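The values are calculated or read from the model by the stated rules, or taken from the named source; none is laboratory data. Owing to the predicted nature of the structure, the values given are computational and were not obtained by experimental measurement. Neighbour counts are summed over all protein chains in view; Cβ atoms, including those assigned to glycine, are modelled from backbone coordinates with ideal geometry. What goes into the accessible areas is simple: the full protein's heavy atoms, side chains included, and nothing from ligands, DNA or RNA. Shrake-Rupley method; radii C 1.70, N 1.55, O 1.52, S 1.80 Å.
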Amino acid sequence: MLKYSIVVPFHDEEENVTILYARLKQVMEQVGEEFELVLVDDGSRDRTYKLLEEIAAVDSRVLVVKLRRNFGQTSALAAGFDHASGEVILAMDGDLQHDPNDIPAFLEKLDEGYDVVSGWRRERMDNFFLRRVPSHCANWIMARLSGVPIHDFGTTFKAYRRDVIQNIPLYGEMHRFIPALASWYGASICEIPIKNTNRERGKSHYGIGRTVGVFFDLMTIRFLLKYMSSPLHFFGGFGLLGILSGGLMAIVLLGMKIMNPGLSVMHNHGPMFVIGSVLIVAGIQLLAIGMLGELQVRHHFTSQNPSSYAVERLVRLASSDEQSLMSGRQEDSF
């Protein structure tokens, strides 16, 4: 098994592909351990894939994963993680805003015993109001909801031990919350400051609209961290509260009817009767949702999860050893 795998998703980054490859290659060769570069083309419409294919044609340490369409950054990372073979997996963006020279610092922290090392853009170069303020608020909330004391959940620049990242299912926009999900599995997490530079080439794919979705993801993560294995505890609590409240109203109305047989419940206490009925029905429905959630959790832990992406092709140049072995087999066949 290789020591290191570097996973980089690309989407319309033709101006940055070859530069990032050269920088990564230089840094990893200085590290001195066996490595591979897993470069994922996430449905690019420009020459990104062609350039990746050309790189893979001359370097056997490069694996190109081409997705059938643009599935999004989380799915692209998931595809890279699934096809990586290193004991340690590093992930970073393909827009040159992450400096490969920071990689040795990540590896040092992993050598100290941490399972996840997250980058921290301490000095961000983004727009103050559109990017930095919403990001700071989201990170502050996430740190308190998850109990993971890091400052920057949003950056892709992170390093993981293979056994940790393989236990975390990725879908939607969950890549930014990997540290929080890893903490649920008991992983040790730390963060290190990284350089953050402005994009020099190409066009950013991020906007204020994506920030709005982050807050919905925060609610999802909070629910997952606390009730991922026991959804009935969440829905069942509200369900029982509704049933008890509605039942109490029903008992009161029944007592009124017994004490005064001529009383018209619907005429004199119609709103209370309707509210009580709705609470009882809603409570039963919430209990049913909780039970269905428990069944889904059982299915999750007893079957394999479907992938959130579809691979069109894999491109990798055979190493010299593999080429020698293949030529030997061809000679034997004669």
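Brief remarks follow.
Okay, residues lined up against (1) under 17 Å from residue 71 (Cβ atoms); (2) crowded, with 23+ Cβ neighbours inside 10 Å:
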position	(1), (2)
2	no, no
7	yes, yes
14	no, no
17	no, yes
23	no, no
26	no, no
38	yes, yes
42	yes, yes
47	no, no
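- Among the residues of segment 52-86, those that are out of contact with any Ser or Thr (no Cβ under 8 Å at 6 or more places or on another chain), open to solvent by less than 10 Å² (accessible area, probe 1.4 Å) and in a strand (DSSP E or B) comprise 62, 64, 65.
- Complete set of residues in segment 157-187 that are assigned to a loop (DSSP other than H, G, I, E, B), closer than 15 Å to residue 229 by Cα and of a type in the set (A, V, I, L, M): 168
- Matching residues, segment 180-190, being over 12 Å from residue 161 (Cα atoms) and in contact with a Ser or Thr (Cβ under 8 Å, 6 or more places away or on another chain): 180, 183, 190
- Scanning segment 254-282 for residues that are surrounded by 13 or more Cβ atoms within 10 Å (Cβ to Cβ) and farther than 27 Å from residue 235 by Cα returns 256, 257, 263, 265, 269.
- Of the residues contained in segment 87-94, one or more are found to be farther than 18 Å from residue 157 by Cβ and either of a type in the set (Asp, Glu) or out of contact with any Ser or Thr (no Cβ under 8 Å at 6 or more places or on another chain) (or both).
- Selection within segment 93-110 - closer than 16 Å to residue 28 by Cβ and either in a helix (DSSP H, G or I) or of a type outside the set (Gly, Ala, Ser) (or both): 98, 99, 100, 101, 102, 103, 104, 105, 106, 107, 108, 110
- You will find that of 51, 37, 96, the residue that is modelled with pLDDT of 95 or more and closer than 26 Å to residue 115 by Cα is 37 and no other.
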